[in-house]
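Notes follow the structure.
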Amino acid sequence: EDATDEQAADGDAEAHAMAMQAAIVANRADMVETLLVGADPAAASSHANPNCLLASGKHPLGLAASMGLYDITTTLLSHGADPTAKDGNGDTPLHLASLRGHVALARLLLDAGATPSTVDARGQTALHLARSSQMQTLLKAADAGEGLPPRLEGEEEDDDEGEEEEEEDDGAGCG
């Protein structure tokens with residue numbers, strides 16, 4: 001009986017991971033919300049874990065950050081996604097947002113507790129990966145403990161066009 005329960009839980013985790021991946025790639029914040037709350041909010045097995053590591057090596061928050069999906073990032077953070085969690089390459093969501101130039105999203109992650117001094121597996125911080133002057137200004141101020149500067153010119157909150165990024169995922173671990 002215990003083995004059957006464990007297999008069912010593994011199946012739920014795999015299904016949640018595949019659905020979470022699909023919802024993020026499709027830029028469907030409503031679907032992400034439903035997966036995080038679950039069909040039955042009282043049943044732990046009915047909802048996805050916002051801090052799971054996808055088979056692609058990224059967490060849901062890292063995938064959303066890399067694609068510039070502000071609304072989905074907000075949703076994941078509101079359900080307990082860890083802004084400091086490292087993926088399979090040692091990158092945090094802030095590394096991924098910085099690399100892709102998503103300044104408003106980086107600000108959101110910093111406000112949620114992301115640390116700009118965290119190094120990835122290559123020994124790089126988010127500042128090392130920043131290409132735009134706006135991102136560099138934001139990360140330097142945060143790293144110096146000066147607080148975040150006012151919104152920068154060209155920094156828009158809703159950068160949800162997202163970038164097409166296909167991720168292969170067998171769905172391990174999101175249930």
With respect to PRO41, is the statement that it is modelled with pLDDT of 90 or more and open to solvent by 10 Å² or more (accessible area, probe 1.4 Å) true? no
Before we move on, is GLU157 open to solvent by 30 Å² or more (accessible area, probe 1.4 Å) and at pLDDT below 95? yes
Is it true that some residue in the range 9-23 is within 12 Å of the chain's Cα centre (by Cα) and at pLDDT 90 or above? yes
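The values are calculated or read from the model by the stated rules, or taken from the named source; none is laboratory data. This structure is a prediction, so every number in the text was calculated from the model and none was measured. Just so you know, the surface numbers come from the protein's heavy atoms only, side chains and all, with ligands and any DNA or RNA stripped out. Shrake-Rupley method; radii C 1.70, N 1.55, O 1.52, S 1.80 Å.
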